[in-house]
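Report on the following structure.
The values are calculated or read from the model by the stated rules, or taken from the named source; none is laboratory data. Quick caveat: nothing in here was measured; it's all calculated off a predicted structure. Neighbour counts are summed over all protein chains in view; Cβ atoms, including those assigned to glycine, are modelled from backbone coordinates with ideal geometry. Each accessible area value is taken on the protein alone, full model and side chains, heavy atoms only, with ligands, DNA and RNA left out. Shrake-Rupley method; radii C 1.70, N 1.55, O 1.52, S 1.80 Å.
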Amino acid sequence: MDSLLAWILRAIPFGTIIMYGALGEILTEKSGNLNLGVPGIMYLGGFAGFAGSYYYEHLSPNPNGAMCVFVALAACIAASMAGGLIYSFITITLRANQNVTGLALTIFGKGVANFFGVYILNGASYTAAPLANSMFAARIFPFADKNAVTQVIFSYGFLVYVAVILAVIFGKVLNRTRVGLNLRAVGENPAAADADGISVTKYKYLATCIGAGVSGLGGLYYVLDYNHGIWATTGQIEALGWLAVALVIFTTWKPYNAIWGAYLFGMFYWLYQFLPDIMGWKLAGYVTDLIQMVPYVVTIFVLLGVSRRKKKENQPPESLGLSYFREDR
Amino acid sequence: MGNAIELRNVTKTFGTIIANDDVTLTIREGEILSLLGENGSGKTTLMNMLSGIYFPDSGSIFVKGEQVEIRSPKDAYDLKIGMVHQHFKLIDVFTATENIALGTDKNSQGRFSLRSVKAKAREICERYGFDLNLDQKVYEMSVSQKQTLEIVKVLYRGADYLILDEPTAVLTPQEVEKLFAVIRNMKADGKSVVIITHKLKEVLEISDRVAIMRKGRFIGSVLTAEATEGSLTEMMVGEKVELNIARSTPSDVIKRIEVRNLSVINHEGLRVLTDINFDINGGEILGIAGISGNGQKELLESIAGLQRTISGTSIKYYPGENGEKELQLVGMNPRDIRNAGIHLAFVPEDRLGMGLVRSMGMDENMMLKTYDEGSSIITNRKLPREMAEQIKESLGVVTPSITTPVAQLSGGNVQKVLVGREISSDPTVIMTAYAVRGLDINTSYTIYRLLNEQKERGTAVVYVGEELDVLLELCDRILVLCGGRVSGIVDAREVTKEELGLLMTKYGGKEEG
């Protein structure tokens, strides 16, 4: 029982990282833009948030917690949206290939973040943003430790709840509002949307940039909460970014599914640590690597299942990955 | 009746192709106007400039006497102009109501509610007599239902001027009747309707006035009451132009292909070819005429093995020499048909869409047809290179080198490559479709000369063409398709241009009254 509880308590924060990544990407892909730069954007967001709070904590004479959170969030969102803007300009305005651009953005984001990360820290302690970490990781519900149930639900930093709220808002916007309807139309059939007087370019730009902003929050959450305010120049964020892209497919492009899907992926991810414990198995080290593949394998099966059943509503947006030019004949 | 919309001296070009040349056209309040013309005469392009899809290169547009600029579909809607395109612009996974609601933020008040959109749409349906299930998803709809939805959508946006692009092309006769009833209801309600069409019968049945276009130019307009099928055809096809294409008298005519009971149903379940019977003879050029989209493509593809035909179809090939047995082509795969000597050179509207790979040079495009020759597992690159050089030489293909990607060649040169490749391997039957589409005069004559040479060598040549003048001077016999059926097979030396025009626009070609 304790293992199960610990398992869930690991899975939910983990899920939150990729939920942000996936939510942003769902919004982006609904506009028909397949942005494979998610990992790069998460790097940019995570790094900018870290750098923002680092400088604030070091340069301000008496740093204020709320201000620190604000600076980190603002820096993160600005940097991620800048990443989204680069992608938008290249693919929407210049109509370059989306896959190539996205992959390049991933490499770019990782490179920028790692270069400046090393440059800023330059030998300093990796736990360089303690105040930001304490603020982001602070439990916002005082009664969290009452029992196992409250612990599962209430014992996290505020970004965990923001992710869920965002997912609900995204779901409502996409399904219940005119903006959502228009956005989905742009992703399905831009020529039709255009003929209906919807500005395809505007929707694509906004969805991609806002989506990037949200994806970037995943990187921020990872660095300042999940990873205890440590900036580590490992490839971990990239792995999480790809998992977020996989999650988008798993959810069949529906924000509500991202909530439970992300937590489920979290459970899968930590399966290798807790399953042997719970079941009392002893596993060799290399087997754990195999178990870590589970989320990807599950995604492949979901993809197979969805395409086999051919239900139109579960397919990716019809013009996903295609550039749009009105006077194409 | 006042003038609702006026186009004055409007010109639109795409690259070197002039789609509309100095067109001046008036649409009046409360009338049904037919815009009549052959394919490629610029009807749709002209109307697309009213609906904001294209912007004119020069000329001006007036709505109710005021000069306007229509830069986007949104501008068009603001001017109460709405267009139903031939290719429907609907979102498949949306319901009818959701499609109607798209992009309508201007005329809505307060909160977004699909329910109120639906209520208003239902009102429109009842008012004009549309039969539409507003909760149905578009991907579950028939073509006719989709069209109905498109019209309701346009009306929902408050359009007073409706443009329908070939609305009857995809409908059954019963559905056409229903559509016409609705159009009359709209007219009674004071709306102006423009119908783009090339079907004379429908023009005479529904419209008040007819405007005729030919080769991008506006020819004139007449009141429907004063028009006959004959007079309209004449305006549509124009005077016969002498082209002086050298045509030899066929000799040694032998039957090569015998088509019997050919019928084809396409993906959408529509019957595109019905009971086609004809022969293709060696030493002769058989022209195929028809408004495009009347089954020409499917006809050629059926023979080439690229189209599935309905059972009962028989396409027999007579190799002829040495008493070889005839071959049943139905059910054979395309490569075997090709190897038997039957070649197809199809030039689609976008030219590069079929047959050539954009990013490859001439040599590699030749190799697409020769890669399986020879016995080594390494492809023979010398043969295609020689072929490419030869075609470049003999047809005068203008290209820096045979390895330059064909996408960088001009349209005419691309077509030379395509046709040249098919001819180069000495086929017994060669079928070309729109081989001179968009070509300049000189290059066109080169192609005609090539086809004539083939004919004199005893090859059976099939030429699907758009220009009646060319068909009349190049071909020996002309098969006319209308609505997927053989409207007539005529002697190209005897038939007149008007007769051909009538056969194309009306099954059997008989003028009424």
(1) crowded, with 16+ Cβ neighbours inside 10 Å; (2) more than 14 Å from chain B (Cβ to nearest Cβ): which one isn't true of A:Ala195, the others all being true? (2)
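Counting residues that are under 19 Å from the mean Cα position of the chain (by Cα), which helices (runs of 4 or more DSSP H) fully inside region A:127-178 reach at least 1? If you could, list the steps in order and put the result at the bottom.
On the way: elements: A:130-137, A:148-154, A:158-176.
By residue number, A:130-137, A:158-176.
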Restricting region A:251-265 to residues that are among the aromatic types (Phe, Trp, Tyr) and part of a helix (DSSP H, G or I), the residue that is nearest to A:Pro13 (Cα to Cα): A:Tyr263
Could you check region B:7-51 and list, in sequence order, the residues that are in a strand (DSSP E or B), open to solvent by 40 Å² or more (accessible area, probe 1.4 Å) and among the charged types (D, E, K, R)? B:Arg8, B:Asp21, B:Asp22, B:Arg28
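Is it fair to say B:Glu150 is touching a strand residue (DSSP E or B) at 6+ places or on another chain (Cβ under 7 Å), in contact (Cβ under 8 Å) with a residue 24 or more places away in the chain and outside the structural domain of B:Glu473 (by TED's automatic domain parsing)?
Numbers: touching a strand residue (DSSP E or B) at 6+ places or on another chain (Cβ under 7 Å): yes; in contact (Cβ under 8 Å) with a residue 24 or more places away in the chain: yes; outside the structural domain of B:Glu473 (by TED's automatic domain parsing): yes.
For B:Glu150, the condition - touching a strand residue (DSSP E or B) at 6+ places or on another chain (Cβ under 7 Å), in contact (Cβ under 8 Å) with a residue 24 or more places away in the chain and outside the structural domain of B:Glu473 (by TED's automatic domain parsing) - is met.
Kindly check whether there is at least one residue in region B:163-171 that is at pLDDT below 85, of a type in the set (S, T, N, Q) and outside any helix (DSSP H, G or I). Show your work before the answer.
Step one: filter region B:163-171 for residues at pLDDT below 85, giving B:168-171.
Within this subset, residues satisfying the condition of being of a type in the set (S, T, N, Q) are B:168.
So of that shortlist, the ones also outside any helix (DSSP H, G or I) come out as B:168.
Yes, some residue in region B:163-171 is at pLDDT below 85, of a type in the set (S, T, N, Q) and outside any helix (DSSP H, G or I).
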Right, B:Val414: in contact (Cβ under 8 Å) with a residue 60 or more places away in the chain, open to solvent by less than 30 Å² (accessible area, probe 1.4 Å) and of a type in the set (Val, Ile, Thr) or not? yes
Please enumerate the residues belonging to region A:145-177 that are within 14 Å of chain B (Cβ to nearest Cβ) and buried (at least 20 other Cβ atoms within 10 Å of the Cβ). A:Leu174
Select from region A:70-99 the residues that are open to solvent by 50 Å² or more (accessible area, probe 1.4 Å) and outside any helix (DSSP H, G or I) and list them in ascending order. A:Leu94, A:Arg95, A:Asn97
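Criterion first (more than 30 Å from B:Gly82 (Cβ to Cβ), surrounded by 22 or more Cβ atoms within 10 Å (Cβ to Cβ), out of contact with any Ser or Thr (no Cβ under 8 Å at 6 or more places or on another chain) and not assigned by TED's automatic domain parsing to the domain that holds B:Met47) does B:Glu242 satisfy it?
no
Is it fair to say A:Ala128 is touching a residue at least 60 places away in the same chain (Cβ under 8 Å), crowded, with 20+ Cβ neighbours inside 10 Å and not aromatic (Phe, Trp, Tyr)?
yes
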What is the one condition in (1) within 14 Å of chain A (Cβ to nearest Cβ); (2) under 23 Å from B:Leu232 (Cα atoms) that B:Ile70 does not satisfy? (2)
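Of the residues A:Ala239, A:Ala232, A:Ala284, only one is out of contact with any helix residue (DSSP H, G or I) (no Cβ under 9 Å at 6 or more places or on another chain) and away from chain B (no Cβ under 14 Å); which? Full working, then the answer.
Numbers: A:Ala239 fails: out of contact with any helix residue (DSSP H, G or I) (no Cβ under 9 Å at 6 or more places or on another chain); A:Ala232 fails: out of contact with any helix residue (DSSP H, G or I) (no Cβ under 9 Å at 6 or more places or on another chain).
Within the list A:Ala239, A:Ala232, A:Ala284, the selection yields A:Ala284.
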Looking at region B:28-60, which of its residues are away from every other protein chain (no Cβ under 14 Å) and either without any contact (Cβ under 8 Å) to a residue 40 or more places away in the chain or hydroxyl-bearing (Ser, Thr, Tyr) (or both)? B:Ser34, B:Ser41, B:Ser58, B:Ser60
Sort through A:Met267, A:Met279 and tell me the only one that's open to solvent by 40 Å² or more (accessible area, probe 1.4 Å) and modelled with pLDDT of 90 or more. A:Met267
Checking B:Thr97 against (1) closer than 28 Å to B:Arg214 by Cβ; (2) β-branched (Val, Ile, Thr); (3) within 14 Å of chain A (Cβ to nearest Cβ); (4) without any contact (Cβ under 8 Å) to a residue 40 or more places away in the chain, which single condition isn't satisfied? (1)
Of all the residues that make up region B:181-204, how many are touching a residue at least 12 places away in the same chain (Cβ under 8 Å), more than 23 Å from the chain's Cα centre (by Cα) and in a helix (DSSP H, G or I)? 7
Of (1) under 17 Å from B:Glu166 (Cβ atoms); (2) more than 14 Å from chain A (Cβ to nearest Cβ), B:Leu25 fails just (1)
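For region A:286-327, name all the residues that are assigned to a helix (DSSP H, G or I), open to solvent by less than 50 Å² (accessible area, probe 1.4 Å) and either in contact (Cβ under 8 Å) with a residue 24 or more places away in the chain or closer than 21 Å to A:Leu181 by Cβ (or both). Working first, answer last.
Of all residues in region A:286-327, those assigned to a helix (DSSP H, G or I) come to A:286-291, A:294-309, A:312-314.
Then keep just the ones that are open to solvent by less than 50 Å² (accessible area, probe 1.4 Å); that gives A:287-288, A:291, A:294-295, A:298-299, A:302, A:305-306, A:314.
Once the filter is applied, which keeps residues that are assigned to a helix (DSSP H, G or I), open to solvent by less than 50 Å² (accessible area, probe 1.4 Å) and either in contact (Cβ under 8 Å) with a residue 24 or more places away in the chain or closer than 21 Å to A:Leu181 by Cβ (or both), region A:286-327 yields A:Val294, A:Pro295, A:Val298, A:Thr299, A:Val302, A:Val306, A:Asn314.
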Quick count over region B:367-420, residues being polar (S, T, N, Q), at pLDDT below 80 and not in a helix (DSSP H, G or I), is 5
From the list A:Gly285, A:Gly213, A:Gly229, A:Gly235, which one is closer than 22 Å to A:Gly321 by Cβ and out of contact with any Phe, Trp or Tyr (no Cβ under 6 Å at 6 or more places or on another chain)? A:Gly213
Which residues, counting only those in region A:301-315, are under 22 Å from A:Gln98 (Cα atoms) and more than 11 Å from chain B (Cβ to nearest Cβ)? A:Leu303
Quick check on this structure: which one of B:Arg260, B:Arg247, B:Arg217, B:Arg209 is in contact (Cβ under 8 Å) with a residue 24 or more places away in the chain, open to solvent by 20 Å² or more (accessible area, probe 1.4 Å) and farther than 22 Å from B:Val462 by Cβ? B:Arg217
In region B:465-509, the residues that are in contact with a Lys or Arg (Cβ under 7 Å, 6 or more places away or on another chain), more than 28 Å from B:Leu270 (Cα to Cα) and not in a loop (DSSP other than H, G, I, E, B): B:Asp469, B:Leu472, B:Glu473, B:Leu474, B:Asp491, B:Lys497
